[in-house]
There are 6 protein chains.
Amino acid sequence: MKVTVNRKAHFNAAHRLYNADWTDARNATVFGKCANPNYHGHNYELIVSVKGEIHPETGFVMDMKVLKELIDVEIEEKFDHKNLNEEVEAFKTLNPTAENISVVIWNKLRLKIDENLELSITLYETPRNFVTYCGE
Amino acid sequence: MKVTVNRKAHFNAAHRLYNADWTDARNATVFGKCANPNYHGHNYELIVSVKGEIHPETGFVMDMKVLKELIDVEIEEKFDHKNLNEEVEAFKTLNPTAENISVVIWNKLRLKIDENLELSITLYETPRNFVTYCGE
Amino acid sequence: MKVTVNRKAHFNAAHRLYNADWTDARNATVFGKCANPNYHGHNYELIVSVKGEIHPETGFVMDMKVLKELIDVEIEEKFDHKNLNEEVEAFKTLNPTAENISVVIWNKLRLKIDENLELSITLYETPRNFVTYCGE
Amino acid sequence: MKVTVNRKAHFNAAHRLYNADWTDARNATVFGKCANPNYHGHNYELIVSVKGEIHPETGFVMDMKVLKELIDVEIEEKFDHKNLNEEVEAFKTLNPTAENISVVIWNKLRLKIDENLELSITLYETPRNFVTYCGE
Amino acid sequence: MKVTVNRKAHFNAAHRLYNADWTDARNATVFGKCANPNYHGHNYELIVSVKGEIHPETGFVMDMKVLKELIDVEIEEKFDHKNLNEEVEAFKTLNPTAENISVVIWNKLRLKIDENLELSITLYETPRNFVTYCGE
Amino acid sequence: MKVTVNRKAHFNAAHRLYNADWTDARNATVFGKCANPNYHGHNYELIVSVKGEIHPETGFVMDMKVLKELIDVEIEEKFDHKNLNEEVEAFKTLNPTAENISVVIWNKLRLKIDENLELSITLYETPRNFVTYCGE
């Protein structure tokens with residue numbers, strides 16, 4: 001009897017899409033205005049989903065207060081009001097597309113969440129563009 | 001060729017989180033302000049999802065008017081403007097966490113929906129906290 | 001050149017609608033299921049709107065961080081996860097309708113916000129019912 | 001390491017629910033006000049979800065600009081501001097329920113999206129009624 | 001001490017934009033795809049706002065249950081699942097733009113709401129296009 | 001008989017809050033993480049509101065297609081996927097707070113909209129922070 005609990009969070013960040021192995025011209029062709037070297041930014045909305053058995057004593061799969069705190073410390077403090085390309089270690093060598101950001105977040109949280117719990121991530125880059133990653 | 005049809009509903013209710021086998025102090029430690037003995041409350045948003053074959057004559061998996069009526073009778077009439085702990089039978093002995101509420105709703109609806117149709121439930125306790133249960 | 005800055009906040013609370021001068025029967029007739037003596041509850045969404053001149057040095061009408069903190073201390077700490085009728089002083093003698101709650105919130109905040117700034121309050125009791133009060 | 005990318009789009013259309021093999025009376029009984037011969041309409045919200053490996057050079061599963069353009073050409077230009085029953089070929093012989101519309105959209109897009117990518121469709125007929133189809 | 005109470009409602013309808021005094025060509029030029037003679041449609045979201053004194057006995061400006069019922073009878077029953085041009089009397093001679101629909105709704109409700117209460121109407125034709133009318 | 005028509009638009013941009021007359025330390029103290037010299041960013045949601053008489057021939061206050069196009073050309077093309085501090089002329093000497101951005105947008109649009117129409121601007125910096133400016 002497994003239930004998924006979901007917690008929404010958000011962070012506001014600057015980024016640009018850029019492949020360092022390419023010329024500027026190719027970056028501009030492939031990534032369009034997202035390659036702007038002066039950066040642009042987003043209000044990222046994040047949903048962290050954790051699936052597991054309900055603990056009979058608490059009625060919780062995972063205490064939402066603990067999950068909220070974990071997202072604050074592991075993700076919001078590191079990503080919020082930051083320039084992802086310049087200030088988040090993982091994106092110094094990895095293009096900060098929504099896809100790659102979702103994988104980085106999943107990897108960070110996977111280390112901190114009980115291995116009996118399944119983890120998936122939904123990340124809204126804009127209200128019209130979003131991605132989901134579940135580690136498979 | 002299976003399609004999932006989803007219907008949103010809502011109910012407003014009071015509850016508190018509480019384990020009757022624990023001391024008040026332990027309830028306060030584990031559940032924090034959610035353990036307030038005077039209750040607090042939520043606008044619960046419910047999504048009921050039913051998956052099955054499209055009937056060739058109607059083009060419906062399940063008539064949404066029938067599903068809406070079923071949710072009204074089985075869930076909204078019993079949960080809306082109620083104190084879940086005091087007035088909903090299931091929660092007299094079960095802690096009304098979002099997880100447990102979703103299981104109770106799933107069990108109630110499962111009895112009333114054609115067994116050829118798969119059922120899952122999403123329940124928003126707040127816009128930032130929600131759970132999903134599909135009976136597995 | 002006046003701009004209005006708006007900050008959203010929320011609190012989850014239990015309440016019932018009740019006039020202590022009336023019989024229970026009259027309360028039930030007028031307030032319907034909202035009069036339930038066991039309480040029900042809501043996720044209240046609050047928008048606090050402050051209108052004034054832009055400070056030339058900061059570009060702010062009012063620092064949103066200060067406004068957020070003020071709403072936390074004056075409103076959220078006192079209303080969140082509370083039973084409004086039982087635990088918020090103002091509603092011991094005042095029926096906690098959305099209308100009256102908005103006036104109480106406006107009065108609390110008015111004392112703490114610079115008198116050169118105009119104040120108005122929008123309070124959502126549900127996504128379909130909300131009220132606005134601007135002190136007039 | 002597969003990620004799902006999702007793109008939201010919308011179209012506004014008129015339709016009626018109607019089975020040409022039935023009498024008008026039976027249509028009215030089964031479909032209620034949705035059978036109105038003068039039509040009614042909706043703001044359809046569409047989410048197109050594409051799952052696959054992240055390309056190491058771009059960091060994309062599928063370029064969102066390409067997906068947006070594809071939805072524009074294949075779906076929005078053909079469905080937006082149209083009468084689905086009268087003006088969209090598929091619905092001349094198929095009842096335009098949300099279920100059937102989602103299957104028609106999935107079939108149209110499946111032809112244009114790389115077969116290594118999984119496709120699913122979510123279609124909101126109203127904010128409270130929506131369907132999902134993934135081709136199974 | 002005046003508070004505004006707001007109630008959201010909705011209706012789904014077909015319409016077309018059309019001036020009967022013009023040629024079809026001019027209608028097509030001015031109204032574009034909105035002039036489609038086969039109609040298109042929308043999920044209209046309606047907010048009815050009523051401003052007045054709080055009644056000291058009830059704490060209400062106007063009982064939301066009464067306002068909801070009034071909107072049901074006066075607007076939803078007459079507009080929902082209808083073709084506005086063909087089936088709503090007012091639009092047989094008036095172009096059903098969002099602007100004109102808001103005026104028609106305001107006029108209908110104004111007759112039924114206490115003259116001591118101020119009335120305004122917000123009507124969403126789509127999530128991106130909406131209008132407001134307050135009778136001035 | 002004046003109606004307000006409202007059109008939503010959006011743009012994604014990077015910015016930082018910064019007063020060039022201040023030391024870095026004072027900028028950091030006043031603007032906190034918003035002063036990050038590497039920038040952060042937002043999905044700005046913009047509502048442009050235009051109030052005036054309904055034209056009897058069209059039923060429009062202002063053709064929404066024209067308003068949409070005007071916002072595209074005057075605002076979205078100049079602000080979207082840009083670094084506001086570095087790439088938008090007005091903010092080279094003006095701190096791009098939400099308040100100041102709303103005034104700049106209002107001034108740009110005021111020049112292009114018929115003087116018989118009243119103009120106001122609502123700008124969401126995040127879903128919880130937004131501002132309104134109407135030129136007064």
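The values are calculated or read from the model by the stated rules, or taken from the named source; none is laboratory data. Fair warning: this is a prediction, and the values are worked out from it, not measured in the lab. Because the Cβ atoms are built from the backbone with ideal geometry, glycine has one as well, and the counts that use them run over all protein chains shown. Just the protein is used for accessible areas: all its heavy atoms, side chains included, with ligands, DNA and RNA removed. Shrake-Rupley method; radii C 1.70, N 1.55, O 1.52, S 1.80 Å.
List of remarks:
- Any hit, region F:87-104, residues being in contact with a Ser or Thr (Cβ under 8 Å, 6 or more places away or on another chain) and in contact (Cβ under 8 Å) with a residue 60 or more places away in the chain: yes
- No other residue among C:77, C:89 is under 22 Å from residue E:57 (Cβ atoms) and open to solvent by 20 Å² or more (accessible area, probe 1.4 Å) apart from C:89.
- Of all residues in region D:34-66, those that are more than 7 Å from every other protein chain (Cβ to nearest Cβ) and under 15 Å from residue D:122 (Cα atoms) total 8.
- Failed criterion for residue D:71 (all others in (1) over 30 Å from residue A:27 (Cβ atoms); (2) more than 9 Å from every other protein chain (Cβ to nearest Cβ); (3) of a type outside the set (D, E, K, R) hold): (1)
- Residues that are in a helix (DSSP H, G or I) and open to solvent by 20 Å² or more (accessible area, probe 1.4 Å) were ranked within region D:56-73; the one that is nearest to residue A:104 (Cα to Cα) is D:64.
- Residues of region A:2-23 that are touching a residue at least 12 places away in the same chain (Cβ under 8 Å) and among the charged types (D, E, K, R): A:2, A:7, A:8, A:16.
- For the residues F:111, F:84, the requirement of being over 26 Å from residue E:34 (Cα atoms) and in contact with a His (Cβ under 6 Å, 6 or more places away or on another chain) singles out F:84.
- Among residues of region F:39-86, those that are among the aliphatic types (A, V, I, L, M) and in contact (Cβ under 8 Å) with a residue 60 or more places away in the chain, counted: 8
- Output for region E:111-130, where each listed residue is closer than 11 Å to residue E:49 by Cα and of a type outside the set (A, V, I, L, M, F, W, C): E:118, E:120, E:122
- Taken over region B:125-136, the criterion of being hydroxyl-bearing (Ser, Thr, Tyr) and open to solvent by less than 20 Å² (accessible area, probe 1.4 Å) is satisfied by B:126, B:133.
Residues are listed down the side, and each one gets a yes or a no for (1) among the charged types (D, E, K, R); (2) outside any helix (DSSP H, G or I):
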{"position": "F:7", "(1), (2)": "yes, yes"}
{"position": "F:11", "(1), (2)": "no, yes"}
{"position": "F:21", "(1), (2)": "yes, yes"}
{"position": "F:75", "(1), (2)": "no, no"}
{"position": "F:86", "(1), (2)": "yes, no"}
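- Condition check for residue F:28: touching a helix residue (DSSP H, G or I) at 6+ places or on another chain (Cβ under 9 Å), on the phi < 0 side of the Ramachandran plot, facing another protein chain (nearest Cβ under 7 Å) and of a type in the set (Gly, Ala, Ser): no
- Residue match in region B:7-21 (condition: within 14 Å of chain C (Cβ to nearest Cβ), under 20 Å from the mean Cα position of the chain (by Cα), among the basic types (Lys, Arg) and open to solvent by less than 50 Å² (accessible area, probe 1.4 Å)): yes
- Residue that is nearest to the other protein chains (Cβ to nearest Cβ), among those in region A:95-124 that are open to solvent by 30 Å² or more (accessible area, probe 1.4 Å) and more than 19 Å from residue B:129 (Cα to Cα): A:107
- Filter result for residue D:45 (under 16 Å from residue D:97 (Cα atoms) and open to solvent by 20 Å² or more (accessible area, probe 1.4 Å)): yes
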